[in-house]
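To start, the structure under review is shown below, and the notes come after it.
The values are calculated or read from the model by the stated rules, or taken from the named source; none is laboratory data. Note that the structure is predicted; figures quoted are calculated from it, not measured. Cβ coordinates were reconstructed from backbone atoms using ideal geometry, including for glycine residues, and neighbour counts include every protein chain displayed. SASA here: full protein model, heavy atoms, side chains in, ligands and nucleic acids out. Shrake-Rupley method; radii C 1.70, N 1.55, O 1.52, S 1.80 Å.
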Amino acid sequence: MAAINETHDPALRSWVETANDPATDFPIQNLPFGVFSRAGVEPRVGVAIGDQILDVSACLEANLLESDAAFAAAEACRSTTLNGLMAADRLSVSGLRLELSRLLRDEESGGPGARVGSSLLVPMTEARMHVPADIGDYTDFYASIDHATNIGKMFRPDNPLLPNYRHVPIGYHGRASSIVASGATVRRPLGQTKPADAESPVFGPSKLLDYEAEVGFYIAGGNRRGEPIPIARAEEHIFGFCLVNDWSARDIQAWEYQPLGPFLAKNFATTVSPWVVTSEALAPFRAPARARGADEPAPLPYLSSAGNEEEGGLALTLDVLLLTERMRAEGAEPYRLSRGSLTDMYWTPAQMVAHHASNGCNLRPGDLLASGTVSGSSEDSRGCLMELTSRGAKPIALPNGEERRFLHDGDEVVLRGCCRRTGFVSIGFGDCHGVVEPAVEKSY
Ligand code: MN
């Protein structure tokens, strides 16, 4: 587990004034990595600070980095993806974070002040953000017991939670090719469904399009095939975190999911927030893993460690907001549908990593693992419409009089994440949003 150090000091302020705004997602204590580009220029690695992006390679070229560690990590940033940085050793990445923090501090915080040069900065408004890594493999878990129970009730009222759930972190292999960065539109998928009152299935646009609010994490330095990752080392294999929307077509899912699990219902699009908040930045926000009740089994030894129990959780609040086409036309603000917390999850990120590699499966730097829908026990913490509306039976009333059971064309889903703890500066994840486009016409 990364330690708390001078980069987390709440007294630090930056010469980038917008980074000192209490409402920013990107204060100097955050410093997430991402990949950005400007018109006609190759994508580059940057660090978010307030409403600006610090160009990491430009810092290297301007000879602003001193330690060998920071230099090595910055060399790994001379790329159009973060894979090299994710493969670099942790001390180098930490050394780079420390030097970038010092570089961005204002004079009162012991930094050089603005004179190091605004030429190193790019305004976020002038940049396009990319999927930050070349994601070789993507795995989606199912780590919320409340989500699993709520969904299970709809499919199997008498047997909602399957007997394996409390023993094994359930997941499925997702599709990396359709992962898109925040802002990309998502076309309503076509698919095969079987309406309850029909004799045979039909093919056409999904009628029950949903989102799933999740938290993702990228793998750092992988493991060799055949060599599991012990739970006590699993945190070292997590580079950092992002927000994930696992768009899901519930009608396609209901017809195709047995016996092998999700397939075309989920692989048409997955949206990620483009900034990767490092595990080190999140050190102050670690929390105990969810406690097991007296009637629940203890995790098997390969999924159990004292460190994981004490601080394997993460106090990350995840909001889902909806902006319909009409709300947008009326100039309305996005409406909050739910607020969940990653601390409610039954399995921690370290348990997911250890389990994934426990059979010898090799994880690689840049692989993306996601938590599964983040839902808690309260009704307003449910992270998808399927749960919030009880499969459409209880529509949500929006402030302008509209109703939603599932997503309509033109709807925009916005995820926002934030970590807060008394005595520390809050850090955010930036937006993860996407608008639903109508299905392709007449292709079926
Ligand atoms: Mn999911």
key: Number of the exception - M345 against (1) hydrophobic (A, V, I, L, M, F, W, C); (2) within 16 Å of the ligand (Cβ to nearest atom); (3) more than 18 Å from the chain's Cα centre (by Cα)   = (3)
task = Please state which one of F285, F268 is out of contact with any Gly (no Cβ under 6 Å at 6 or more places or on another chain) and within 30 Å of F406 (Cα to Cα).
result = F268
key: Tally, over segment 356-394, of residues that are under 28 Å from E310 (Cβ atoms), assigned to a helix (DSSP H, G or I) and out of contact with any strand residue (DSSP E or B) (no Cβ under 8 Å at 6 or more places or on another chain)   = 1
message = If I go through segment 1-38 residue by residue, how many of them are out of contact with any strand residue (DSSP E or B) (no Cβ under 7 Å at 6 or more places or on another chain), more than 21 Å from A283 (Cβ to Cβ) and touching a residue at least 40 places away in the same chain (Cβ under 8 Å)?
response = 1
task = Give D431, D367 a once-over and let me know the one that is among the acidic types (D, E), crowded, with 24+ Cβ neighbours inside 10 Å and within 30 Å of A87 (Cβ to Cβ).
result = D367
ask   = Pick from A70, A114, A76: which is small (G, A, S) and under 17 Å from I49 (Cα atoms)?
value = A114
request  = Go through segment 38-56 and give me each residue that's small (G, A, S) and either open to solvent by less than 10 Å² (accessible area, probe 1.4 Å) or under 16 Å from V277 (Cα atoms) (or both).
outcome  = G46, A48, G50
request  = Report yes if S305 is over 24 Å from the mean Cα position of the chain (by Cα), buried (at least 19 other Cβ atoms within 10 Å of the Cβ) and among the small types (G, A, S), otherwise no.
outcome  = yes
inquiry  = Going residue by residue through segment 200-216, is there one that turns out to be within 16 Å of the ligand (Cβ to nearest atom), over 16 Å from the mean Cα position of the chain (by Cα) and open to solvent by 20 Å² or more (accessible area, probe 1.4 Å)?
reply    = yes
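For every residue, the table says whether it meets (1) open to solvent by 30 Å² or more (accessible area, probe 1.4 Å); (2) within 16 Å of the ligand (Cβ to nearest atom).
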site: P189; (1), (2): no, yes
site: N223; (1), (2): no, no
site: E227; (1), (2): yes, no
site: G240; (1), (2): no, no
site: S248; (1), (2): no, yes
remark   = The one condition F71 fails out of (1) outside any helix (DSSP H, G or I); (2) open to solvent by 30 Å² or more (accessible area, probe 1.4 Å); (3) among the aromatic types (F, W, Y) is (1)
inquiry  = I'm checking my understanding of the structure. Among residues of segment 398-444 that are acidic (D, E), touching a residue at least 40 places away in the same chain (Cβ under 8 Å) and in a loop (DSSP other than H, G, I, E, B), which one is farthest from P32 (Cα to Cα)?
reply    = E402
message = I'd like to check which strands (runs of 3 or more DSSP E) are fully inside segment 76-177 and have at least 1 residues that are under 20 Å from V35 (Cβ atoms) and away from the ligand (no atom under 16 Å from the Cβ).
response = 121-123
query = Which one of these does R78 not meet: (1) out of contact with any Ser or Thr (no Cβ under 7 Å at 6 or more places or on another chain); (2) open to solvent by 60 Å² or more (accessible area, probe 1.4 Å)?
reply = (1)
Positions within segment 252-270 being more than 11 Å from the ligand (Cβ to nearest atom) and buried (at least 24 other Cβ atoms within 10 Å of the Cβ), in sequence order = I252
